[in-house]
1. Find all pairs meeting these conditions: Cβ atoms under 6 angstrom apart; at least six residues apart or on different chains; first residue within region 2-27 and closer than 17 Å to Asp88 by Cα and without any contact (Cβ under 8 Å) to a residue 24 or more places away in the chain; second residue small (Gly, Ala, Ser) and buried (at least 17 other Cβ atoms within 10 Å of the Cβ).
2. Looking at Lys35, Lys57, Lys64, can you tell me which residue is under 13 Å from the mean Cα position of the chain (by Cα), modelled with pLDDT of 95 or more and among the basic types (Lys, Arg)?
3. Of Phe14, Phe72, which residue is exposed (fewer than 14 other Cβ atoms within 10 Å of the Cβ) and aromatic (Phe, Trp, Tyr)?
4. If Pro49 passes every condition in (1) out of contact with any helix residue (DSSP H, G or I) (no Cβ under 6 Å at 6 or more places or on another chain); (2) surrounded by 15 or more Cβ atoms within 10 Å (Cβ to Cβ) but one, which one does it miss?
5. Filter region 17-40 down to residues that are of a type in the set (Ser, Thr, Tyr), surrounded by fewer than 17 Cβ atoms within 10 Å (Cβ to Cβ) and under 20 Å from Arg61 (Cβ atoms), then give me how many there are.
Amino acid sequence: MYRLWGKIMIDSRFRSDYVFELEDGDIASPSSLKKGLEFLTLHFDIEMPMWLSDNEKDYARFRKTRFYNDHFIETIDFDYFEIEVIEDKKKTSKN
């Protein structure tokens, strides 16, 4: 299962958040990330942000990244949009 948590933040507080779930998704798959990002932008009624090199680095290292005003063509009415992969504890636990 692939879960992507999207958060709209204003003044370090949640304005809105939502968890996108994809049953047959793979956490390492770019197509799962694309589906999740498309769903979350539609859910929050915001445009698709530009995926820049800083996003690539943050996502690869931390499994999360933020999109600020310079990632959008239109002006945004929030501080940033953040996405974060929610790891499945069953797969990450060591027995």
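The values are calculated or read from the model by the stated rules, or taken from the named source; none is laboratory data. Bear in mind that the values here come from a model prediction, so they are computed numbers and not experimental data. Cβ atoms come from the backbone with ideal geometry, glycine included; neighbour counts cover every protein chain shown.
1. Going by the 6 Å Cβ cut-off, the qualifying pairs are Phe20/Gly36; Leu22/Ser32.
2. Working: Lys35 fails: modelled with pLDDT of 95 or more; Lys57 fails: under 13 Å from the mean Cα position of the chain (by Cα).
When all the criteria are applied, what remains is Lys64.
3. Working: Phe72 fails: exposed (fewer than 14 other Cβ atoms within 10 Å of the Cβ).
So the residue among Phe14, Phe72 that is exposed (fewer than 14 other Cβ atoms within 10 Å of the Cβ) and aromatic (Phe, Trp, Tyr) is Phe14.
4. Condition not satisfied by Pro49: (1).
5. Of the residues in region 17-40, the ones of a type in the set (Ser, Thr, Tyr) are 18, 29, 31-32.
Of the ones still in play, those that are also surrounded by fewer than 17 Cβ atoms within 10 Å (Cβ to Cβ) are 18, 29, 31.
Okay, now just the ones that are also under 20 Å from Arg61 (Cβ atoms), so 29.
Looking only at that region, the number is 1.
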